[in-house]
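Working notes, beginning with the structure itself.
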Amino acid sequence: QVQLVESGGGFVQSGGSLRLACAASGFTFSSYTMRWYRQAPLKEREWVAIISTGGTTNYADSVKGRFTISRDNARDTVYLQMNSLKPEDTAVYYCRASGSYNYWGQGTQVTVSS
């Protein structure tokens, strides 16, 4: 059974940090490109960061320099380190695996207070 389970969300003050994790199971994690998305209330889901199977990364302009995506293929887990958080980063954060198939996690809430 394929699963992507996000964790690490929570409530943090502006300027703080959080580290999200997305644990994968049921598929060959190392063969999949991994992405993080987020969806704020009343807004469309937007792409945040990507890491390829080879470790190449890229970021949305809104998070560049503040967020870092990484992966641990031994643990079948992708991470999103979020620093210098702002209230506009408040959203539900989702991970996505893309390769032979596409899989989504259930999301984890991040709330940043001003």
What number of residues within region 58-72 are among the polar types (S, T, N, Q), exposed (fewer than 15 other Cβ atoms within 10 Å of the Cβ) and part of a strand (DSSP E or B)?
1
Being over 12 Å from the mean Cα position of the chain (by Cα) and of a type in the set (S, T, N, Q) is the filter; apply it to region 93-108 and report the residue that is least open to solvent (accessible area, probe 1.4 Å).
98
Can you tell me how many residues within region 38-51 are open to solvent by 30 Å² or more (accessible area, probe 1.4 Å) and either part of a strand (DSSP E or B) or touching a strand residue (DSSP E or B) at 6+ places or on another chain (Cβ under 9 Å) (or both)?
7
Of the residues 111, 77, 28, 90, which is open to solvent by 60 Å² or more (accessible area, probe 1.4 Å) and polar (S, T, N, Q)?
28
Taking residue 79, is it within 15 Å of residue 8 (Cα to Cα) and not basic (Lys, Arg)?
yes
Among the residues in region 5-22, are any surrounded by fewer than 14 Cβ atoms within 10 Å (Cβ to Cβ), polar (S, T, N, Q) and over 18 Å from residue 111 (Cβ atoms)?
no
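The values are calculated or read from the model by the stated rules, or taken from the named source; none is laboratory data. Being a predicted model, the structure only gives us computed values, none of them experimental. Don't worry about glycine lacking a Cβ; one is built from the backbone with ideal geometry, like all the others, and counts go over all protein chains shown. Accessible surface areas use protein heavy atoms only, side chains included; no ligands, DNA or RNA. Shrake-Rupley method; radii C 1.70, N 1.55, O 1.52, S 1.80 Å.
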